[in-house]
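What follows is one structure encoded as structure tokens, with my remarks underneath.
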Number of protein chains: 2
Amino acid sequence: MSAHQTRREQLAQRFAEAKIDALLVTSLKNIRYLTGFTGSSAFLIVEPDNATIVTDPRYDIQVRQQVDCRAKVSPKPLPTVEALLNKLAPRHLGIEAAHLTVHDYNRYRAALPKSTRLISTASLVETLRSIKSPEEIDVIRRSVDLNSQAFANTVARIKPGITEQDVAAEIDHQMRLLGAEGPAFETIVAAGPNTALPHARPSSKTLENNELLLIDMGSQVEGYASDMTRMLHLGEPDRRTKQLYRSVLDAQLAAIDAIRNNVRAAAVDRVARRTLATRQLDRFFTHSTGHGLGLDIHEMPRLGRTDKSVLRTGMAITVEPGVYVEAKGGIRIEDTVLVTDRGCQVLTPTSKELLVI
Amino acid sequence: MSAHQTRREQLAQRFAEAKIDALLVTSLKNIRYLTGFTGSSAFLIVEPDNATIVTDPRYDIQVRQQVDCRAKVSPKPLPTVEALLNKLAPRHLGIEAAHLTVHDYNRYRAALPKSTRLISTASLVETLRSIKSPEEIDVIRRSVDLNSQAFANTVARIKPGITEQDVAAEIDHQMRLLGAEGPAFETIVAAGPNTALPHARPSSKTLENNELLLIDMGSQVEGYASDMTRMLHLGEPDRRTKQLYRSVLDAQLAAIDAIRNNVRAAAVDRVARRTLATRQLDRFFTHSTGHGLGLDIHEMPRLGRTDKSVLRTGMAITVEPGVYVEAKGGIRIEDTVLVTDRGCQVLTPTSKELLVI
């Protein structure tokens with residue numbers, strides 16, 4: 001049985017609990033996960049023993065090459081899906097409430113028989129996706145390694161006088177040259193006071209001597225994301241900066257140390273926060289400790305203060321505590337990590353020294 | 001009055017016809033158009049004499065800098081929006097049905113008073129967006145010019161032996177070096193038989209002598225898209241290729257010639273198709289003649305066979321007929337064009353010769 005077919009069967013095993021007879025999958029990432037299809041437009045109907053993908057003629061050849069379930073190609077995919085569902089007429093049709101617009105919902109409601117109830121479902125496929133198969137872990141490793149190589153290639157070109165935007169453009173270019181589809185998210189390059197903004201966009205600010213440089217970058221390789229943050233310093237850092245860096249690194253290492261199968265995500269977050277609290281820095285840690293990643297850059301689980309999720313062997317997650325002092329600067333250190341039975345494996349090979357250039 | 005305030009007033013003037021008292025705007029592009037806010041997460045409530053944007057603390061400083069309406073910053077924006085709507089309690093609240101998920105709809109429905117009816121609206125803001133202001137046209141011009149410059153810089157480096165992916169990476173890099181935010185869509189570089197796929201993705205195929213090369217590229221500058229397709233030939237093209245190129249160019253020029261204020265979009269499409277029909281090529285023209293562009297790469301109007309829209313002065317559109325012969329090859333020529341009272345202005349400055357390299 002193909003990996004995709006196995007995933008569809010695992011999904012169908014959850015139908016009873018979700019009280020549905022079939023699921024209309026409208027998230028393209030979920031469709032890719034369940035079928036291997038990588039086009040930009042598709043619908044998937046999953047029944048207990050059957051699955052049908054519908055796409056448009058742009059993907060006529062591609063869908064037949066990529067997919068091992070029934071495929072329909074139609075210049076008007078939505079009416080084709082409606083016709084298929086009408087014929088199927090399930091009593092309880094699951095929809096992905098987070099991936100279906102009200103507009104499309106209204107269309108389906110009008111097109112389907114009254115006997116079919118539309119049931120909102122949440123995270124049915126996303127929960128499966130959170131545990132990675134060995135094949136997926138291999139791809140994530142390639143994404144992580146490529147990302148670190150792109151970082152190394154770029155670092156050699158960083159010097160005072162170039163802009164944040166120059167560095168970001170070079171990073172994205174290096175990823176592409178190394179074979180990535182592109183960045184997995186908008187690359188963050190922030191220098192000096194800009195490091196205090198956790199989601200800074202690269203600006204025309206010039207890099208200057210004696211300032212911090214934060215680089216948060218991820219690559220997309222065969223659809224899978226990596227994610228890493230590293231800190232650089234132009235010129236020798238002062239004692240205070242070194243101390244701050246050491247505190248964040250301690251928090252990151254402590255969090256990594258707390259990760260293993262069956263540990264609660266919130267417990268890992270708490271370890272990072274407590275480590276920072278011993279140095280009165282916890283109030284500057286304004287986001288959560290990490291998140292799952294895979295076909296999406298942010299997916300289940302989330303490692304935040306109030307998250308209910310439990311870490312499981314095979315989850316790929318980030319660990320990224322940070323401290324941000326407004327108008328002064330910020331420090332974040334982030335790795336991509338694989339949860340294992342007895343602990344975790346840090347996939348990111350890049351050194352975690354504060355890099356002085 | 002600011003441009004954004006004017007737009008919100010124009011929008012509110014359409015409330016009566018849409019039978020709504022207020023509109024909840026959930027499309028980020030529409031929010032940018034109505035307020036100037038460029039962050040990645042926001043909600044906007046538009047009332048006849050008032051507007052309130054809600055975003056999260058990441059954008060605390062930014063939203064105050066960019067926006068001239070009331071702004072609320074909340075770590076949990078969705079509950080804050082619900083509370084605001086509850087207080088406002090409009091009898092008929094418009095929602096953007098194409099930009100709201102069933103999940104969020106269900107949340108609003110549960111949170112709002114029973115006396116508030118949720119009314120699905122379509123294209124209220126998008127219709128306003130289809131007519132560009134002089135300021136928007138200036139930005140689109142900059143986007144178009146930058147795009148053509150990135151093309152020129154890349155062409156100098158194209159030679160047999162490099163791959164489609166190499167060319168695409170170079171194009172995207174040139175855009176960034178010239179100051180674009182990035183490509184407005186995934187750059188298409190297709191060589192030889194791959195030119196027959198209208199939406200080919202750049203592959204590892206090597207460019208070879210005596211083949212066609214199709215480049216379809218657009219830049220994003222200050223949020224606004226440009227879009228251009230040009231054809232190159234590695235080595236001297238044969239007579240048949242030259243003829244085919246000439247036919248597509250004739251269709252493109254005829255379509256451009258048909259554009260002016262008050263002309264139906266479908267009529268322009270028909271002109272392109274008829275020109276190709278005189279050479280028995282119309283059956284190879286498998287997509288529509290063009291589309292509006294602006295904050296989105298595809299926006300209103302669409303220039304297809306069955307489209308009802310009428311072209312208006314101030315619309316920015318593409319004109320891009322093409323012919324595609326499976327397993328052989330395809331040719332497309334595309335400009336970005338501005339509709340005027342008496343005709344149109346071709347914004348794209350790049351020559352439309354078949355470029356032999």
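The values are calculated or read from the model by the stated rules, or taken from the named source; none is laboratory data. If you're wondering where the values come from, they're calculated on a predicted model, not measured in any experiment. Here Cβ is always computed from backbone atoms with ideal geometry, including for glycine, and neighbour counts include all displayed protein chains.
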1 or more residues over 25 Å from the mean Cα position of the chain (by Cα) and aromatic (F, W, Y): qualifying helices (runs of 4 or more DSSP H) within segment B:39-115:
B:102-111
Of all residues in segment A:280-319 being under 17 Å from the mean Cα position of the chain (by Cα) and among the basic types (K, R), which is surrounded by the most Cβ atoms within 10 Å (Cβ to Cβ)?
A:R302
Residues that are in contact with a helix residue (DSSP H, G or I) (Cβ under 7 Å, 6 or more places away or on another chain) and at positive phi, drawn from segment A:196-250:
A:E222, A:G223
Looking at (1) under 25 Å from B:I158 (Cβ atoms); (2) of a type outside the set (A, V, I, L, M); (3) without any contact (Cβ under 8 Å) to a residue 60 or more places away in the chain, can you tell me which one B:T278 breaks?
(1)
Top-ranked residue in segment A:153-165 [being among the β-branched types (V, I, T) and within 13 Å of chain B (Cβ to nearest Cβ); ranked as surrounded by the most Cβ atoms within 10 Å (Cβ to Cβ)]
A:T154
Grab the strands (runs of 3 or more DSSP E) fully contained in segment B:235-342, keeping just those with 2 or more residues being farther than 21 Å from B:S123 by Cβ.
B:322-325, B:329-332, B:335-339
Condition met for A:L293 (more than 14 Å from chain B (Cβ to nearest Cβ) and either hydroxyl-bearing (S, T, Y) or out of contact with any Phe, Trp or Tyr (no Cβ under 9 Å at 6 or more places or on another chain) (or both)):
no
Lone unmet requirement of (1) within 30 Å of B:K328 (Cβ to Cβ); (2) away from chain A (no Cβ under 14 Å); (3) surrounded by fewer than 22 Cβ atoms within 10 Å (Cβ to Cβ) for B:P113:
(1)
Screening A:G161, A:G192 for residues that are assigned by TED's automatic domain parsing to the domain that holds A:S219, at pLDDT 95 or above and touching a Gly at 6+ places or on another chain (Cβ under 9 Å) leaves only A:G192
Tell me, yes or no, whether segment A:4-17 has at least one residue that is part of a helix (DSSP H, G or I), without any contact (Cβ under 8 Å) to a residue 12 or more places away in the chain, assigned by TED's automatic domain parsing to the domain that holds A:P113 and farther than 19 Å from A:R129 by Cβ.
yes
In this structure, does A:L28 turn out to be more than 13 Å from chain B (Cβ to nearest Cβ), surrounded by fewer than 20 Cβ atoms within 10 Å (Cβ to Cβ), touching a helix residue (DSSP H, G or I) at 6+ places or on another chain (Cβ under 9 Å) and under 24 Å from B:S27 (Cβ atoms)?
yes
